[in-house]
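Enquirer: My structure is below; once you've seen it, I'll send some questions.
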Amino acid sequence: MRPAGMNERLYRGRLAPSPTGYLHLGHARTFWIAWQRAKQNKGVLVLRNEDLDPDRCRSEYVQAMIEDLHWLGIEWQEGPMEGGPHAPYIQSQRLALYRSAFVQLREGGFLYPCTCSRKDVQRALQAPHAADDEPLYPGTCRHKSAFDIESAQRVNWRFRVPKRESVEFVDGQLGKQVFDAGKDFGDFVVWRHDGIPSYQLAVMVDDAAMHITEVVRGTDLLVSTARQLLLYRSLQKTPPTFFHCPLMTDESGIRLAKRHDALSLRHFRAQGRAPSELLAMFKL
Ligand code: GLU
């Protein structure tokens, strides 16, 4: 018999909001489930502020999300040493880490420079959109190398996905998932022309660096999980397990997004409603 504690990894989960608006019920439920899973597994939760997109993120939403999480009663145990246990890790302060992963991928031959604008991609599209509605990149620049690019050009670095390979994982909530690389998703951006890592790279690098053992996120990110699994493999990191939560919809079946202001936690708080009323709605 194995002595207790041997080979058993401590459960480490994370809450990873992007400060692009007030948290809504859908986020609250995903975070609440992440918290329950960490508690059930006697593990810890890390809070990470995913603020990399300067066009969409606003600092006022960071404080708001911390207040909203506290209001809901969700607790996390770990933040960076310098900010105290309740301060979040901040992605915009971790660029050097993402850059070194990007350089490793580029030097490993996994990436190519792409000079297509968003409009070029739209224009060249014949294939249908990927499963998560991100356009399937048509491969215009697939055979380019850094030598083909003039220094003044705006370059996004894309990951060359192994076409026809199926990417599989067993989801803790949904069971076996299979995605067809090149069909369900195309070559995706890893490093943007403005020097910012893509969501895919930053989230994967952070989950690995923070030794996250299970990622709890919404089903809207299922295809992104498949993309990230390819990054884990290319960077020779062990991936966590995944638990995807069904998305909440409003009465007409439309997915809750941050723009549904009426469904923000702020709104519920302003109405004087109790967190327990929301929590009752959160059972899976
Ligand atoms: N920051 C991402 C978001 O708010 C989620 C990250 C993730 O769970 O991977 O949509």
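Enquirer: What is the antiparallel percent of DSSP beta bridges lying wholly in region 124-251, to the nearest 5?
Expert: DSSP beta bridges in region 124-251 are roughly 60 percent antiparallel.
Enquirer: Using the Kirkwood radius over Cα pairs, work out the Stokes-Einstein diffusion coefficient for region 111-234 at 37 °C and 0.692 mPa s, in µm²/s as a whole number.
Expert: It diffuses with D of about 213 µm²/s by this estimate.
Enquirer: Calculated from DSSP H runs of 4 or more alone, at -39500 (n - 2.57) each and per residue, what is the 222 nm mean residue ellipticity of the chain, nearest 500?
Expert: Rounded to the nearest 500, the figure is -9000 deg cm²/dmol.
Enquirer: Moving on. What fraction of the Cα pairs in region 182-262, stated in percent, has a spacing above 18 angstrom?
Expert: Counting every Cα pair in region 182-262, those more than 18 Å apart make up 52 percent.
Enquirer: In addition: Charges on Cβ only, +1 for Lys and Arg, -1 for Asp and Glu, centred on the Cα centroid of the chain; of Leu45, Val121, Phe169, which one is farthest towards the dipole's positive end?
Expert: Phe169
Enquirer: Right, something else. Subtracting the Cα-Cα distance from 0.36 nm times the residue separation, let me have the gained length for Asp148 to Val44 in nm, one decimal.
Expert: Contour length minus Cα-Cα distance gives 32.7 nm.
Enquirer: Treating only the Cβ of Lys, Arg, Asp and Glu as charged (+1, +1, -1, -1), what charge dipole size does the chain show about its Cα centre? Round to the nearest 20 debye.
Expert: Rounded to the nearest 20 debye, it is 440 debye.
Enquirer: Collect residues whose amide H, placed 1.01 Å from N in the peptide plane, falls under 5 Å from the amide H of Phe242; neighbours closer than 5 in sequence don't count.
Expert: The answer is Gly172, Val215.
Enquirer: If you take the Cα atoms of the chain, find Rg, then find the Kirkwood Rh from the mean of 1/r over all pairs, what is Rg/Rh?
Expert: Ratio of gyration radius to Kirkwood radius: 0.97.
Enquirer: In addition: Between beta-carbons, use under 14 Å as the cut-off and find the net charge around Asp51, counting Lys and Arg +1, Asp and Glu -1.
Expert: Here the count lands on -1.
Enquirer: Scan region 150-189 for GluC sites (Glu not before Pro) in coil per DSSP, keeping those whose Cβ has at most 15 other Cβ atoms within 10 Å, and list them by number.
Expert: Passing sites in region 150-189 are Glu150, Glu165.
Enquirer: Determine the percent antiparallel among the DSSP beta bridges restricted to the chain, to the nearest 5.
Expert: 55
Enquirer: Here's another thing I want to ask about it. To the nearest 20 debye, what charge dipole does region 92-250 have about its Cα centre, counting +1 at the Cβ of each Lys and Arg and -1 at the Cβ of each Asp and Glu?
Expert: 540
Enquirer: Moving to a separate point now. Determine the share of region 97-251's accessible area contributed by carbon and sulfur atoms, expressed in whole percent, with a 1.4 angstrom probe.
Expert: Summing carbon and sulfur atoms, their accessible area is 49 percent of the total for region 97-251.
Enquirer: Using a probe radius of 1.4 Å on heavy atoms only, what accessible surface per residue do you get for the chain? Whole Å² is fine.
Expert: 52
The values are calculated or read from the model by the stated rules, or taken from the named source; none is laboratory data. Every value quoted in this text rests on a predicted model; they were computed, and no experiment measured them. Virtual Cβ from ideal backbone geometry, glycine too; neighbours counted across all protein chains shown. Side chains are part of the model used for accessible areas, which takes the heavy atoms of the whole protein and leaves out ligands, DNA and RNA. Shrake-Rupley method; radii C 1.70, N 1.55, O 1.52, S 1.80 Å.
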